[in-house]
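Take a look at the structure set out below.
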Amino acid sequence: MGCNIAIDGPAGAGKSTIAKRVAKELSFIYVDTGAMYRAVALYLLKMNVNGQDTEGISKACTGASVSIEYKDGEQIVMLNGENVNPYLRTEEVGNMASVSSANPKVREHLLNLQRSLAAENDVVMDGRDIGTTILPDAQVKIFLTASADTRAKRRYLELSEKGVACDIEEIKKDIIERDYRDMHREVSPLCQAADAVLLDSSDMTIDEVVEEMLRIYREKVA
C-alpha cells in the first residue's frame, strides 16, 4: 500500500496548488480529484444535462470515461480520450461540478479509480471528502481552508491576470454559496475529518503552507 496524504477543504483554498507542490517535494503522484469531477461536469454540460436534473445526471455520468496521465511531470485529465485540462477551470464547469459531485452515481463512478491509484502509489490527493470518504485510512490528513474574503481575492487576481473581466463581490457570493452546497449535500459533505490537522492559509504564502504541510508529514510519517 502506498503512503497517502489527503488534503480536503473548500473551493478556492489553494488545495490544488499546494498539493502539486507537496507531491513534487516528496516525489509522490498528485491526484486532483476536483479536476476529475470537473471533467464529468464538463461532459454533462456538453451533453446539455440540466444541473438540477438528478436522474439525468445519474444516467449520463457513466458515459464519461475519466483517466489521469502524466506528461513531463504534468497531470493530464483525459475525458473520453481527450485532454480537457484547458476547459476545467471555468466558472460554469466549477458550478456544475459542485452540483453534480453530490450525485451518488457520479461519486461511485470515480471512487474506484481514486482508491486504486492510492493503493498502488504514494499519492497526494485533494478534494472535498478525501480524508472522510475516499481515503479514510490515509497516513496524513489535512483540512486546508481560508476566509471567504481571502479566497475571493485569490480567484479575482487569478482571473484578472488571465484578462477575464470579473467582480470580486460576485466571486465571494459564489464561493459562499458553493461552500453551503458542499457542506450540506447528503452524500459525502465537506467536513474536517476527526483526525485531520486544520490549516488556515488566510495569512500564509504558498511557500509557508507547503513547508507547514511537509512538517506535518514528517511529524506523522517520516
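Worth pointing out:
- Region 19-52 - residue that is of a type in the set (G, A, S) and more than 19 Å from V209 (Cα to Cα) and, of those, modelled with the lowest pLDDT: G34
- Of the residues in region 27-38, at least one is in contact (Cβ under 8 Å) with a residue 40 or more places away in the chain and at positive phi.
- Applying a threshold of 7 Å to beta carbon distances and a minimum spacing of six or more residues, or different chains, the list of pairs starting in region 10-24 at a residue that is under 17 Å from I76 (Cβ atoms) and ending at one that is β-branched (V, I, T) and not in a helix (DSSP H, G or I) reads A19/I7; A19/V124; A23/I29; A23/V124.
- Close pairs (9 angstrom Cβ cut-off, 6 or more residues apart or separate chains): farther than 16 Å from L45 by Cβ and modelled with pLDDT of 80 or more in region 57-82, loosely packed, with under 14 Cβ neighbours inside 10 Å and among the aromatic types (F, W, Y) anywhere: I76/Y70
- Lone qualifier among A35, A13 - being under 15 Å from the mean Cα position of the chain (by Cα), crowded, with 21+ Cβ neighbours inside 10 Å and outside any loop (DSSP other than H, G, I, E, B): A35
- Among the residues here, L144 qualifies as modelled with pLDDT of 95 or more and within 17 Å of V31 (Cβ to Cβ).
- Restricting attention to region 39-56, the residues that are in contact (Cβ under 8 Å) with a residue 60 or more places away in the chain and in a loop (DSSP other than H, G, I, E, B) add up to 0.
So that you can scan it fast, the table gives a plain yes or no per residue for (1) among the acidic types (D, E); (2) in contact with an Asp or Glu (Cβ under 9 Å, 6 or more places away or on another chain); (3) more than 17 Å from D149 (Cα to Cα); (4) at pLDDT 95 or above:
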| position | (1), (2), (3), (4) |
| --- | --- |
| R178 | no, no, no, no |
| P189 | no, yes, yes, no |
| L199 | no, yes, no, yes |
| D207 | yes, no, yes, yes |
| V210 | no, yes, yes, yes |
| L214 | no, yes, yes, yes |
| A222 | no, no, yes, no |
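- Given (1) buried (at least 18 other Cβ atoms within 10 Å of the Cβ); (2) under 28 Å from M96 (Cβ atoms), number of the condition Y217 does not satisfy: (2)
- The number of residues in region 104-136 that are closer than 10 Å to I5 by Cα and among the charged types (D, E, K, R) comes to 2.
The values are calculated or read from the model by the stated rules, or taken from the named source; none is laboratory data. Keep in mind it's a predicted model, so treat the numbers as computed, not measured. With ideal geometry, Cβ positions are generated from the backbone for all residues, glycine too; neighbour counts draw on all protein chains shown.
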